[in-house]
Amino acid sequence: MKDYTVVGQRVPKLDAAQKAMGRAEYIQDVRLPGMLYGKILYSSHAHAKITAMDISRALALPGVHAVLTGKDIPSKMRMGFYKDNPPLKAAKVCCFRDEIAAVAAVSEEVAKKAVRLIEVEYEPLPAVFDPEAAMEKDAPLVHEAHKSNVLKLPWKLHYGDVDAAEKASAFVVEDRFTTTWVTHCCLSTSGAVALFDASDNLTVYSNTQIPSLAQKDFQETLGAMGLKGKRVRVIKPVIGGGFGSKLDTYAYEHIAILLAHKCRKPVKILFDRKEEFEATSTRQPTVIYIRQGCDEEGHLTFRDIRMVLDNGGRTSWGATTPSVMMMPITSLYRVPNVRYDAKCVYTNNTYAQAMRGYGNPQATFAIESCMDMLAQKAGIDPVTFRRINRNEPGDETPQGFKITSCGLGQCIDAVEKELTADSPLADGEGIGYASLIHVGGGARIYKSDGCGAILKMDDFGKVDIFTGGTDMGQGLDNMIAQIVAEELGLLAEDINVVHSDTDVCPWDVGAHASRSTFVAGNAALGAAKKARQTLLAFAATLFETAPEDLVMKNRMVWVKNDPEKSMPVDKLLRKAHFSPGGTMLMADYFYDPPNENMGKDFRCNLSVTYSFGVHGVRVHVDRETGKVQVKNYVAAHDVGRAINPMLLEGQVYGGVIMGLGYALSEEVMIKDGQIKNPNFRDYKLFTAKDAVPITAPVIETDDPDGPFGAKGIGEPGCVPTAPAVANAICNAVGVRIKDLPITPEKVLAAIQAQSKGS
Amino acid sequence: MTKTISFILNGDEISCDIQDHWTLLHLLREELGLIGTKEGCGNGECGACTVIVDQLAVNSCLYLAADIQGKQVQTIEGLAVHTGSLHPIQQSFVDNGGIQCGFCTPGMIMSAKALLDKDPEADQEAVKHALAGNICRCTGYVQILDSVAAAGRQMAGKKTDKAAGYGDPGPVTRQPGDQTAGEVTP
């Protein structure tokens, strides 16, 4: 371990005390003078024509300032990367989630009442809810103009010769896996406040993980409204949970903008919990067909995966998750030949967005379940099988990923050691393993993968750093503060991290892809290095020595071999400020990692470095009820360097429990396009009572490109959880569950089918 | 129907006009401006709105404002004492990583307080039971349970087994004046 002072310390989260006192202000707490309240009317059908709409009674209600319908939406205003989604739909609805009208009124109560007074007539259309059925020739078309339910998206990566490799394989397994809808369940519901100034410049308060890209989306909205060239300012209140849910702009944000402009007053739209379940996006559901083979010694020979993705009625980022699924498919373990094809298919269901892992948990569920099946067929134990195929530093994967630091082997060792230290397995108990690869050094999915940082120091030795990055509770504020403090020889508490306002913070592509510690961290480090250089140059003149001979630590600067010559940093700053031709210390830096955009064949080095991990779980399965109990969980992650072990562990624990929900209990139940469980009573999250013992060994591989060696860890915690659990269940009672979530009903049915068969 | 009620809020006597249908959550947040109490669901399912009424943790979204007549209500704002220092439970959540996004935190702390006020030595099963109605999506509960356990130990007057500050106190907490160059190898 290098001799760091602040990096590696368990510094409490910088905003924790404010939050503990109830003083943090979330979107719920934003109140502006004269503010109106907006409410949205959603479709009553999964698929229908809107034949008539009467808003007169709503408009006549006292306190109502405006009612908008699809006809008020400028024709160029379309949301999502596929541009198939106007904020309000005029002629036709394609899912229950479709927004068709909106109201602004003096209070939420009046707005709700007004929404109920809007009369809509529909002509129902035949609907389709199964993506594989939607690919049939005579299936109803969700978007007639699109001429097919299959989206024109190019998800296809072929490398090597899969057919030849399969012929040469000693063992081959194949199967079908499915994953269903789950959702983020941020404790804070979604919301936005929009307001225009007298010159039509727009300010939006919003829960967003993409302030800079949201600014661009809102600018496009202004353009469509005839307000091209006006300024957009995005302010993030404290965000009550992200997990990917805030990586796209939503209809409610654009509707708030339209209402605010129409009413010339601030308009706030705040979701209730039912709306949060019904009108925000899910994780992308999948149908996965996998074939995988190995040779006599257990070396993987090929991996062949075909997927069908339920795109729902509109398109958000869910349809791009295959771009990330390619990562584990091509690069989890050494696999020389790979074939991957995915189709996104319109249905009349809800639609998906980004969610922690961005497709990786779905693909890894199939791959790692299949790894155990293949190991069993080859007669090799699952841990040895993984060790044989593990990635190593220096590998280049079929997708073209250049593996630099890689602690997968150490993670396997750590998990095996922890799990096998337990008592011998009792009847009904089993152990399962699964690994992960994820981007750990940015992910170039946009023209820039960069982040800016602006740093200034005051006369008192304190630093303000303005970062493009976003903290939504995961702890980026601490990453930035601890990195900057380390570089400038200060304490974490000396650093004020500002990450909330596009008027003062530089550009960033967004808090996704576990990239913030690496990219925003490197940006902050770059700015701090420049400030350090300036400060040391000044001190060197003062002490009549060379900058290299100076030490900067614990708020002091001194000469290495002459400690008598020393000065506190704050005094040095004042000296610089108040000397003739004074200098205030300021520095900026824009870090854009040297990673690559995907080529037409999807091959590239997507990230500067990759994160690895292995999860192992011991479960008990009740043969009478099918209930699965997690007895012990070990999650080892190669994180490069733990900037803050306490916050790092928090990311892993939180990821594991979210992953266990995905594995065992969570499901947005949708019947004929309608969500049946839009509440916490029927959507089964883990509670404190379900908390499980988790050990989180941290493997530090000191990444050469990471800030102080760090790699990303935001998403990995929930990636291999489901297959680890499925493998443990199979190890315990011999049944393989291939459809998530693994409910007691499914386990019991499989056990019963097994005993009938035997 | 409007009516006037009197109750004790965070130690202060309060008298105010309310509507019959208002919940305690509405009264606290919308009328009295105490935004520390959060609304996560409005249906008594998530616990973000938990406050303490006469020593009991309740979901303020399900509690009618009219029913607090003559009662003692404590919210998160009533915990930090006037010197600005935190209540041991708050401090413990800060020190042990019990807080990420923070939206569940006020409710979580109030549920923990109702338990620890009665029994600071509550075992982990009792803590899990007391927090079962408070959903957290960020932490996986591990560090929240650690936080409550450590707070309980402190409230019971026992020495905590975790360092109260940064973990390894070493050079981080050292003040500039204490620094001697000889101790540092840059």
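Nothing in this text is a laboratory measurement; each read-out follows from the coordinates by a stated rule. Note that the structure is predicted; figures quoted are calculated from it, not measured. Here the Cβ is made from the backbone with ideal geometry for all residues, glycine too, and neighbour counts use every protein chain on show.
For region B:88-155, treating each Cα as an identical point scatterer without solvent, what Debye log10 I(q)/I(0) comes out at q = 0.13, 0.29 1/Å? Debye curve over Cα of region B:88-155, log10 I(q)/I(0) at q = 0.13, 0.29 Å⁻¹: -0.27, -1.51.
As a proxy for reagent exposure, A:Tyr610, A:Tyr683, A:Tyr289, A:Tyr252 were ordered by neighbouring Cβ count within 10 angstrom, fewest first; the result is A:Tyr289, A:Tyr683, A:Tyr252, A:Tyr610.
What FRET efficiency, computed as 1/(1 + (r/R0)^6) with R0 = 56 Å and r the Cβ-Cβ distance, is obtained for A:Asn561 and A:Glu745, rounded to the nearest 0.05?
Numbers: r = 73 Å, r/R0 = 1.30.
Using R0 = 56 Å, I get an efficiency of 0.15.
Cβ-to-Cβ counts within 10 Å put A:Glu121, A:Glu368, A:Glu108 in ascending order as A:Glu121, A:Glu108, A:Glu368, the fewest first. A Cα-only calculation for region A:664-758 places Rg and Dmax at 18.5, 58 Å.
Structural descriptor for chain A: relative contact order 16 percent, calculated from alpha carbon pairs under 8 angstrom and at least 6 residues apart. Its Cα gyration tensor gives the protein assembly as shown an equivalent ellipsoid; the semi-axes, largest first and in whole Å, are 40, 38, 30.
Taken over the Cα atoms of region A:317-455, the convex hull encloses 207 Å³ per residue. Among beta bridges from DSSP that stay inside chain A, the antiparallel ones total about 80%.
Pop the C-beta distance of A:Arg57 and A:Glu396 into the FRET formula with R0 = 60 Å and round what comes out to the nearest 0.05.
Calculated transfer efficiency: 0.35.
DSSP loop chymotrypsin sites (Phe, Trp or Tyr not before Pro) in region A:409-505 with at most 15 other Cβ atoms within 10 Å of their Cβ, which ones? Mind showing how you got there, number by number?
Details: sites: A:Tyr433, A:Tyr446, A:Phe460, A:Phe466; in loops: A:Tyr446, A:Phe460.
Sparse-neighbourhood loop chymotrypsin sites (Phe, Trp or Tyr not before Pro): A:Tyr446, A:Phe460.
Set the Cα radius of gyration of region B:2-78 against 2.2 N^0.38 Å, with N its number of residues, and you get 0.97. By the helix-only formula, in which each DSSP H run with n ≥ 4 contributes -39500 (n - 2.57) and the sum is divided by residues, chain A has a 222 nm mean residue ellipticity of -8500 deg cm²/dmol. Close amide H partners of A:Asn391, meaning residues 5 or more places away or on another chain with modelled amide H under 5 Å apart, are A:Tyr333, A:Arg334.
Of the peptides A:627-639, A:60-72, the ranking by mean beta-carbon count within 10 Å, highest at the top, reads A:627-639, A:60-72. Sequentially through region A:659-674, phi angles give Karplus couplings (6.51, -1.76, 1.60; θ = phi - 60°) of x, 5, x, 4, 6, 10, 9, 7, 6, 7, 7, 10, 10, 6, x, 9 Hz, Gly and Pro residues having no value and appearing as x. Take each residue of peptide A:556-564, count the partner chain Cβ atoms within 10 Å of its Cβ, and average: the result is 3. Size descriptors for region A:230-293 (Cα atoms only): Rg and Dmax, in that order, 17.4, 64 Å. The residues A:Ile694, B:Ile8, when put in order of fewest to most other Cβ atoms within 10 Å, stand as B:Ile8, A:Ile694.
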